[in-house]
Amino acid sequence: MKKLWSVTTSVGLALSLSTLAVGAATGEQEEIKKIVDASIIPLMKKSRIAGMAVGISTKGKHYVFNYGVVSVSTKKPVSDNSLFEIGSVSKTMTGTLASYAQVTGKLSFSDKTSKYLPELKGTRFGDLSLLNLATHTSGGLPLQLPQSVTSNVELMQFLKLWKPKRKPGTVRNYANPGIGMLGFITAKCMNQKFEDLMQTTLFSALGMSNSYIKIPAAEVSNYVQGYTESDAPVRMTSGLLSSEAYGVKTTASDMIRFIDANMNDAKTDDKLQRAILDTHTGYFKTKAMTQDVIWEQYPVPVQQNLLLDGNSKSMIYDANAVTQVIPPEKPRSDVWINKTGSTAGFGTYVAFVPKDQTGIVLLANKAYPISQRLIAAQEILKQVAARN
């Protein structure tokens with residue numbers, strides 16, 4: 001059992017500061033807290049963030065630092081049980097399930113989608129490989145499904161008529177329907193509902209006991225209130241493929257368990273561990289980063305300009321040229337691996353460096369700029385790593 005230190009910092013609505021330590025703080029804990037405070041408190045003030053939870057994993061030790069409130073109306077403080085929407089960070093978990101299905105012989109990333117969806121045989125979508133779905137290299141799937149597509153029948157009809165704008169495998173178009181369909185196919189191959197597959201195969205196996213796609217009634221009180229950029233209260237609404245693409249709600253403590261598993265520092269089933277590490281395989285390169293199975297990686301020491309470019313609006317909304325890595329680059333430890341996640345009212349960032357056995361998760365109940373997340377996380381990890 002890894003040790004977990006938790007500290008709650010109260011950040012008032014006017015962002016006047018007071019600090020409350022939960023339990024006896026160790027010298028090491030206090031040092032790391034000062035590092036985190038130095039970046040997070042000014043960040044919350046600048047972006048008017050009501051509440052945040054920050055998780056740090058370093059050399060086998062876990063730290064969670066909670067800031068502010070889950071709701072500006074109730075003023076209930078953020079706690080270790082607070083559930084945040086993590087948006088597209090959910091995609092890394094969907095990619096892990098697909099990788100597990102590959103390791104266990106249920107599918108292969110080289111297969112065409114039509115192998116698992118025979119009704120799409122002979123269509124352009126049916127000719128895509130599962131790898132195209134896992135790496136955003138379909139050639140032009142949209143960022144979101146059209147609002148008119150609300151049922152599986154309409155989904156299949158949309159996919160039958162879809163045509164790529166560019167040759168698959170030559171450009172990266174960030175697309176929720178792509179990873180959504182990968183999750184859909186994975187669940188079909190594993191003969192389970194996607195939500196059940198995620199809960200049993202990943203969450204339970206990794207000890208992520210406070211992670212959900214559908215929050216149970218007993219945990220609803222821990223569901224954090226999100227806020228838009230203009231501070232309006234909002235939470236995500238479920239839709240077609242939302243579970244697979246951006247549906248997970250979780251805690252900072254559970255996320256650092258997931259980070260540990262990705263740094264090969266978790267006691268789990270050998271096949272699942274292999275599947276997790278396989279998601280770090282490099283398949284395509286952009287000018288800024290290497291595209292793995294959903295995860296994105298950079299050589300260390302990571303250059304901030306590349307990190308910002310690789311997580312820019314252009315990488316989300318535009319088609320970016322890619323070069324396929326042949327043969328694929330095997331998982332490495334000397335890399336910065338990351339993923340952002342955003343919903344209308346939440347902002348998330350996850351990053352880790354396996355070589356240093358150091359990782360971070362930032363959870364916030366505010367849709368705030370991605371660049372601010374990256375800069376804060378990079379500064380925190382740099383200082384935490386320097387202590388080791």
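Inside the stretch 227-244, residues that are under 17 Å from the mean Cα position of the chain (by Cα) and either in a loop (DSSP other than H, G, I, E, B) or not polar (S, T, N, Q) (or both) make up a count of 3.
Residues in the stretch 176-207 that are closer than 17 Å to A275 by Cα and polar (S, T, N, Q): T186, Q199, T200, T201, S204. The sole residue among T286, T290 that is surrounded by fewer than 22 Cβ atoms within 10 Å (Cβ to Cβ), of a type in the set (S, T, N, Q) and more than 15 Å from the chain's Cα centre (by Cα) is T286. When S333 is tested against (1) polar (S, T, N, Q); (2) surrounded by fewer than 21 Cβ atoms within 10 Å (Cβ to Cβ); (3) not in a loop (DSSP other than H, G, I, E, B), only condition (3) is not met. Of the residues making up the stretch 165-186, not a single one is on the phi > 0 side of the Ramachandran plot and of a type in the set (S, T, N, Q).
For (1) of a type in the set (K, R); (2) closer than 19 Å to G359 by Cα; (3) surrounded by 22 or more Cβ atoms within 10 Å (Cβ to Cβ), each residue gets a yes or a no:
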site: W295; (1), (2), (3): no, yes, yes
site: V300; (1), (2), (3): no, yes, no
site: Q303; (1), (2), (3): no, yes, no
site: S314; (1), (2), (3): no, no, no
site: Y317; (1), (2), (3): no, no, no
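When N66 is tested against (1) among the polar types (S, T, N, Q); (2) in contact with an Asp or Glu (Cβ under 9 Å, 6 or more places away or on another chain); (3) under 30 Å from K34 (Cα atoms); (4) assigned to a helix (DSSP H, G or I), only condition (4) is not met.
Taking the conditions (1) charged (D, E, K, R); (2) more than 16 Å from G345 (Cα to Cα); (3) surrounded by fewer than 23 Cβ atoms within 10 Å (Cβ to Cβ) in turn, R235 satisfies each one other than (2). Under the condition of being farther than 12 Å from T281 by Cα and among the hydrophobic types (A, V, I, L, M, F, W, C), which residue from the stretch 316-335 is nearest to the chain's Cα centre (by Cα)? Within the stretch 316-335, the match that is nearest to the chain's Cα centre (by Cα) is I316. Helices (runs of 4 or more DSSP H) fully within the stretch 73-186 that include at least 1 residues being without any contact (Cβ under 8 Å) to a residue 40 or more places away in the chain, of a type in the set (A, V, I, L, M) and out of contact with any Pro (no Cβ under 6 Å at 6 or more places or on another chain): 152-161.
Here the stretch 295-315 is the region considered, the condition is being under 17 Å from the mean Cα position of the chain (by Cα) and not in a helix (DSSP H, G or I), and the residue that is farthest from A351 (Cα to Cα) is S312. Note on the stretch 213-227: among residues that are small (G, A, S) and more than 19 Å from M198 (Cα to Cα), the one that is surrounded by the most Cβ atoms within 10 Å (Cβ to Cβ) is G226. The set of residues from the stretch 22-63 being hydrophobic (A, V, I, L, M, F, W, C) and either at pLDDT below 95 or assigned to a loop (DSSP other than H, G, I, E, B) (or both) comprises V22, A24, A25, I49, A50. The set of residues in the stretch 251-290 being among the hydrophobic types (A, V, I, L, M, F, W, C) and assigned to a helix (DSSP H, G or I) consists of A252, M255, I256, F258, I259, A261, L272, A275, I276, L277.
The values are calculated or read from the model by the stated rules, or taken from the named source; none is laboratory data. Please read these numbers as outputs of a predicted model, since none were measured by experiment. Using ideal geometry, Cβ is built from the backbone for each residue, glycine included, and neighbour counts are taken over all protein chains shown.
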